[in-house]
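This report concerns only the one structure given below.
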Amino acid sequence: MPTKEDNLREGGCFNNNHGNVTASIFGSAPFFDKRDVVQVKYEMIRAASNGEGSVTKIAGEHGFSRKSYYQASKAFDTGGIVALVPQKKGPRGPSKMNPDVSAFIDSYSSGHANAKAKELSAALEAEKGIRVHPRTIHRHIKKN
């Protein structure tokens, strides 16, 4: 059975900086878990909005910089608590797979039943001038 820490890691909410959290609230009750980055950010924002000290002091006690506090506060103001969940870094999906490229791959695949992804990639580059990695094409075909 997965532990709370396992679940936090799986969900991307584990606070790798939990050793730097010194805010007293996180020692007051088991409910407050400094390993949960969403909870730490929320409590940091709550403490600052209640005037419990300077932003610099509060951010430091919660293991964050002043700049991180303002980023978290802005995210919370616009998106609520869900906006405090860390987002994956890097690209989110294939950048060259637009509807035109997808249509070309689908059309070429239907006319060339045994075409490999490498062949499709070469045909796409020759016809459209767009280089798409064969692995990306393979994922597209598998998905569809």
Residue list for region 59-110, filter: among the small types (Gly, Ala, Ser), within 14 Å of ARG46 (Cα to Cα) and touching a residue at least 12 places away in the same chain (Cβ under 8 Å): ALA59, ALA72, SER73
Selection count where residues are in a helix (DSSP H, G or I), out of contact with any Asp or Glu (no Cβ under 9 Å at 6 or more places or on another chain) and among the aliphatic types (A, V, I, L, M), scope region 66-121: 10
Only one of LYS41, LYS34 that is surrounded by 19 or more Cβ atoms within 10 Å (Cβ to Cβ), out of contact with any Pro (no Cβ under 7 Å at 6 or more places or on another chain), assigned to a loop (DSSP other than H, G, I, E, B) and of a type in the set (Lys, Arg): LYS34
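Values in this text are rule-based calculations from the coordinates and carry no lab data. Remember, predicted model here, so these are calculated numbers, not experimental data. No Cβ is skipped: glycine too gets one built from the backbone with ideal geometry, and neighbour counts run over all protein chains shown.
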